[in-house]
Amino acid sequence: MVAKNAQTVGTVISAINSPSPSTADFVVTSGLIHRGQFVEIENASGNFIALVMDVFRTNKYFERADSVKEFESKGQALFEQFPVHEWEYLVANTKPLGVYSGDNFYRPSFPPSPGSKVRIADNEKLKKFFHFDESGMHLGNVEHHDLPVKLNMTRMLKKHLAIMAMSGSGKCGDYNLEILLGNGDTVKLGELVDKHLENKKVIEDNVELCDINPNNLKVISLDENNQPIASEIKAFMRRKAPKKMFKIKTRTGKQLLVTPEHPIPILNEQINWVQAKNLAKKDYLITAMPQIAGSEQIIDFVQLWENSTKVRVDDKSILAELKSKLFEKYSMKEFSRIVNMPSRKLQYLLSYPGVSLNNLKLICDKLDMNFLEICSKIKTLKVRSSRIPAKIMVDENFARFMAYLLAEGHNGGQTISFTNSSNLIRDDFSNLAKLLGIVANINRKRDIELRIYNKLLADSLFKLGFTNSSWTKYVPKEILLSKKSVLAAFLSAFIDCDGYVCSKKSHIEITLASKQMLDNIEQIVLRFKLNPIRKIKTVKGKQYGRLFLGGADYLNILNNELTLLIDYKAKALKECSLKKSNSNVRVIPNIKHTLGFLKNKLNLTQNQFVNIANYLSLNERHDDPTPISLRSLLAEFEHNYANIHSAITQTKKLFYVMPNLTEEDAKQILVNAYSKYDFNKIAKNTKVSNTTARRVVRGLTEPTINTFYLAKNVLALENESDLGIDTITNLDFKQIANQIRVLCKNLGYEIGELCCRSGFRGQYLDGYSYNPLNTIKYSNIYKVLYNLFIISIDKEKQLPEIREKLDFLHTLVSDGLFFDAIKSVEEVDYDKKYVYDLCVEEHNFVANNLIIHNSFSTACLIEELLNRPKQKGRIAIVVLDPHGEYSSFAQPVKDGKYEDFSDRTKIIKAQNIRIAVPKMSVHMLAGIIPGLTAPQKRDLSRILSCLKEDMRKGLGPFDWSHVKDAILKDNNIKQNSKFPLLGWIDDLMSYNLFARTDMPAISELIKPGTLTIIDFSDVVNMKKKQMIVSYFANKLFDERKSNVIPPTLLIAEEAHQWCPEHVSEESAISRSILRTIAREGRKFGMSLCIISQRPVQLDTTTLSQCSTHMILRITNPNDLKHIAESSEGIDQRSFGIINSLQVGEALLVGEATGYPLFFKVRYRKSMPSKHEISLEDAALKFEQSADKTREETAEFLP
């Protein structure tokens, strides 16, 4: 329970959305409350520990600027006219973090009760709540509490790699996973990754990675508004496959084969990313159906056959151009020897039969002619008597032609046959062939069959997907990438031939032997924003794929887009499109709670709710809404939202107009005037009798609205007036009562309930419509209006959450999304070698780690580590210091103001560092020289091995000059490898960084309880800096793994210099080893602390491994967004406070505390850095130094 001496500061108040498990407001009744303070809220099951998120002071008299100006226009302050101090109060908004019961804490799941007492949180409970350690590192104090922040070293440092599995275990898929590219094309994931890894590959943590995307390929992903967009691929990845994978099957027949940790988006009131192994049956996956415009496509048969020795060009103009160019330089005999061809044959080819494309390329090359330019002039190609156009425009006609062939055509190699019983279809096929310059002949023995005798055409179309087997056919990529009109023409012809339109069941069915072609048909259908269902049909042991398109909504789209020639199919499609929509075809699932929330908050009546077309979700049936019905429902929601917003504005406006006066205030004016005027004068011209005036003054009659009319008359007798009384006497109370009724209804409140809340009977306001003024009271209607005003304020607080949910639902009704129920999730054995993944710009995941944005707070961390006693365990500290900010640790302290750490600190000037060449491995060199090829690595490894062997024999250590001499003398190294190697070695020698031995020796520097600072302030060249960091980090990690050095904390100040984002390997030499330490360090007692003032420039892979974030003052919006996305423990409200953090304040989230903790960083004990002095002090110091120099010079000179 709450400590007896705890200070009570307030009482929980009730609002429409508070108290709840996530928020609670309380009115401050005593003392002061500050944002960032912790409080305890009484509760029967245990006391809440809550963080004060905001504190605000309110006073209704000062809520409108125009009212304040008007009332104070006469020279009197508002507090002189009204009792403003009686209406001012302080309210605190809190976020419950946990419930304390006994010695245990648990997440809040039930709200505290209104009226609960609020006290300042007990320090002992806060210690347990945030896992403070009495012997831990003291980094500061909890603001507004006398409580030091002491954090356990292990929780703070070692567990920075707690969620390493997000990258190490892999979010990968099977080789055959189809990826939809931004241009509408599809490609197998494995094929795409393997192709890029052939060009460039690095290996990080057993993951093969290529971060070069030379063609700027994009894939379809979901943006922040849940809309499909094309996102650039940042990296291609491959790793060794696990023994188990998860196979996910959906209702529509789609399948995914992914690793257990692969995150999959599902819809459950919001878009959630769930690991594949945690998916359940009937979860809903998301299918993206992007708006892809397509483009004009051309099939270039010249390019298709450019290496052929049989396909010829016989265009006379081209042959003449070749001969003319030939005879400018050579004779026929001379040129025939150049192309290694008999002169007669060459002359013959350049005449009648034409030249093959293969020979054309050779001739153009020898004659310095542009082959591509010549190709652009080719009109036709031929093989013997077969001839085809050189290029074909992929238009609606060609699409229909190919659809006919793929549906009911046969490629015999020599001939192409097309069989169909419909005269209309055969005539259409024949006409399409003519447009392509091809003749389709009727088979005399079988009149339903058309034949094309053209071997070259048959061979060409074979390459485009029209193969000789129904099991291997596919749709040409040029058609798939075409505009929508071309796709519609293709689909129309295909359904005419091989589609079944069932008007009874309202669906179209396509059954095919070729899986690839069925995939292509599905890809085409998705371009129309239709999501088909896939099934398998087994006939005589063979499996055929079936594709279904059902539902009136889908078929109506097809009816508008397609042109079917078969009359009965066209009529059946028309009939299907006119039927009632099937709400089970396309639904938006798992949003019932969101809709229920909006229904209640937006005052949607049950009749409104039920009357939405096809919408039954929250009533008797369990169907989910279709996009159409959800759009209708959203229209109702938006209408009510607008009404509520308007009602809030009008309620405030009306309330601010009504003066806060009572009949007793007016009566007092009459009592004061009674000694001056008789009742006849008091009541004159007021329509109130003098008797009533007398009875009011003497207290015999309860004052009513009439009292204000009498008071106004009295003030007029004294040549005075009162704005409030004048306003009241001019009010139309019948109109105000009616206005309150309308506003109350629009705010979703019953008028009777409002009257009862105000202390009156439910029908009280009715009296203002017909009762005379002598029976009603202004103060009562003001009280009713005041309560309505409070309701409107509470409602206004709910609007942002309502708006957020409405906006989210609007994103779900997009035509670009389809929600597909999971039919099964199965763990399966996997025997393939690799699994694959892509890194995409829109893809991000949240992980933990330690990030600090200021060397002052880092100094406190270092001080705590250096002061740890031996018996509690000490670690070594190494700081990568770009600007010499930490050098003050090594300076002896001359007075007692600061603590002296100089006996535990060593500074290494980076300019003086030398790296021993004999200790360099080829692996290290490959990191420094990214262009090193495999043969060069082998040659260099052999040279280094020989030199090291000589060193062991007593010849002593060697340097790069020895390596260079050995390369020059080695005759086994090829010239094309030798000279690049020599160039790179010369480049390394120019840095003046390498020597025969290390200086200093790392093992002698790294000791428990000591600080080693590598000061880079005297090194300008960034590559040299990164080479030093790469070497030191590698040696530290290797020696720590071998237990040569103690557990070590590597602090990387300005970490974006050492491991930058979006920079090539050559410009980020040290990034690879820092990534490795981030991933693997905790297993070996090697911790990493990355510090950056520009986290958006920091390598995401390294940042993603941090388990604790310490966030100080940041104002750059890009950095703030990056912090919000990369910190698991920051919610929206905590994030809002980061903007207002003052210097020295910090937010700690993650593993170290478990809950967000705002605290004040303590003052450092060590001597401040020279970089931390003020600009004024720096200027003064400079001038004093200059003056001293002049004085010394003057003394020296005669």
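The values are calculated or read from the model by the stated rules, or taken from the named source; none is laboratory data. Keep in mind that what you see is a predicted model, and the values were worked out from it rather than measured. With ideal geometry, Cβ positions are generated from the backbone for all residues, glycine too; neighbour counts draw on all protein chains shown.
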Query - Any hit, segment 271-278, residues being over 30 Å from V313 (Cα atoms), surrounded by 17 or more Cβ atoms within 10 Å (Cβ to Cβ) and over 18 Å from the mean Cα position of the chain (by Cα) - result: yes
Requested in this report: Can you confirm whether segment 73-90 contains a residue that is over 30 Å from Y834 (Cα atoms), modelled with pLDDT of 85 or more, surrounded by 14 or more Cβ atoms within 10 Å (Cβ to Cβ) and not hydroxyl-bearing (S, T, Y)?
Outcome: yes
Report task. Kindly check whether there is at least one residue in segment 66-76 that is over 26 Å from H34 (Cβ atoms), β-branched (V, I, T) and not assigned by TED's automatic domain parsing to the domain that holds F1158. Result -> yes
Query raised in the report: Taking segment 808-822 as the region of interest, how many residues are part of a strand (DSSP E or B) and either among the hydrophobic types (A, V, I, L, M, F, W, C) or free of Cβ contacts under 8 Å to residues at least 24 places away in the same chain (or both)?
Result: 5
Report summary line: Scanning segment 482-509 residue by residue, the ones that are out of contact with any helix residue (DSSP H, G or I) (no Cβ under 6 Å at 6 or more places or on another chain) and among the β-branched types (V, I, T) total 2
Query raised in the report: Counting only residues that are part of a loop (DSSP other than H, G, I, E, B) and touching a strand residue (DSSP E or B) at 6+ places or on another chain (Cβ under 8 Å), which one in segment 401-435 is nearest to M517 (Cα to Cα)?
Result: N420
Report summary line: Taking segment 796-824 and keeping residues in contact with a Phe, Trp or Tyr (Cβ under 9 Å, 6 or more places away or on another chain) and either aliphatic (A, V, I, L, M) or more than 22 Å from F528 (Cβ to Cβ) (or both) leaves L799, E801, I802, R803, K805, L806, L809, L812, A821, I822
Query raised in the report: Going by the conditions given, is R312 over 18 Å from the mean Cα position of the chain (by Cα), within 23 Å of I521 (Cβ to Cβ) and of a type in the set (D, E, K, R)?
Result: no
Report task. Kindly indicate whether T1048 is of a type in the set (V, I, T) and in contact with a Gly (Cβ under 8 Å, 6 or more places away or on another chain). Result -> yes
Query - Matching residues in segment 257-282 - criterion: being touching a Pro at 6+ places or on another chain (Cβ under 8 Å) and closer than 16 Å to D837 by Cα - result: T259, P260, Q275, A276
**Report entry** Qualifying residue in segment 495-502 (condition: surrounded by fewer than 22 Cβ atoms within 10 Å (Cβ to Cβ) and in a loop (DSSP other than H, G, I, E, B))
**Finding:** no
Requested in this report: Look at V840 and say whether it is modelled with pLDDT under 85, surrounded by fewer than 19 Cβ atoms within 10 Å (Cβ to Cβ), closer than 30 Å to A235 by Cα and not polar (S, T, N, Q).
Outcome: yes
Query raised in the report: Would you pick out the residues in segment 94-124 that are among the polar types (S, T, N, Q) and either in contact with a Cys (Cβ under 8 Å, 6 or more places away or on another chain) or buried (at least 19 other Cβ atoms within 10 Å of the Cβ) (or both)?
Result: T94, S116
Query raised in the report: What strands (runs of 3 or more DSSP E) lie completely within segment 178-289 and have 2 or more residues being more than 30 Å from L809 (Cα to Cα) and touching a residue at least 12 places away in the same chain (Cβ under 8 Å)?
Result: 202-204, 207-210, 228-240, 244-250
Query raised in the report: Would a scan of segment 999-1014 turn up a residue that is touching a Ser or Thr at 6+ places or on another chain (Cβ under 6 Å) and more than 17 Å from K919 (Cβ to Cβ)?
Result: yes
Query raised in the report: Is one or more of the residues making up segment 260-269 more than 19 Å from K188 (Cα to Cα), of a type in the set (S, T, N, Q), assigned by TED's automatic domain parsing to the domain that holds G173 and surrounded by fewer than 16 Cβ atoms within 10 Å (Cβ to Cβ)?
Result: yes
Report summary line: The helices (runs of 4 or more DSSP H) lying wholly within segment 991-1076 that contain at least 3 residues that are crowded, with 22+ Cβ neighbours inside 10 Å and at pLDDT 85 or above are 1022-1041
Requested in this report: Considering each of N719, N713 in turn, give the residue that is at positive phi and free of Cβ contacts under 8 Å to residues at least 60 places away in the same chain.
Outcome: N719
**Report entry** Selection from segment 290-308 of residues that are under 20 Å from A399 (Cα atoms) and part of a loop (DSSP other than H, G, I, E, B)
**Finding:** I292, A293, G294, S295, E296
Query - Candidate set from segment 286-301 (those that are at pLDDT 85 or above and crowded, with 19+ Cβ neighbours inside 10 Å); member that is farthest from the chain's Cα centre (by Cα) - result: F301
Query raised in the report: When you go through A821, A847, A890 one by one, which is the residue that is at pLDDT 75 or above, among the small types (G, A, S), in contact with a Ser or Thr (Cβ under 9 Å, 6 or more places away or on another chain) and closer than 30 Å to Q227 by Cβ?
Result: A821
Query raised in the report: Does K345 satisfy the condition of being more than 18 Å from R384 (Cα to Cα) and either assigned by TED's automatic domain parsing to the domain that holds I179 or in a helix (DSSP H, G or I) (or both)?
Result: no
Query raised in the report: Considering segment 930-959 alone, what residues qualify as being assigned to a helix (DSSP H, G or I), buried (at least 17 other Cβ atoms within 10 Å of the Cβ) and either assigned by TED's automatic domain parsing to the domain that holds I1069 or touching a residue at least 40 places away in the same chain (Cβ under 8 Å) (or both)?
Result: Q936, D939, L940
Report summary line: For strands (runs of 3 or more DSSP E) lying entirely in segment 20-111, having 3 or more residues that are in contact with a helix residue (DSSP H, G or I) (Cβ under 9 Å, 6 or more places away or on another chain) picks out 47-59, 88-101
Report summary line: Over segment 112-137, the set of residues part of a strand (DSSP E or B) and farther than 22 Å from M153 by Cβ is K117, V118, R119, I120
**Report entry** Failed item in (1) within 12 Å of S460 (Cα to Cα); (2) surrounded by fewer than 19 Cβ atoms within 10 Å (Cβ to Cβ), with N370 passing the rest
**Finding:** (1)
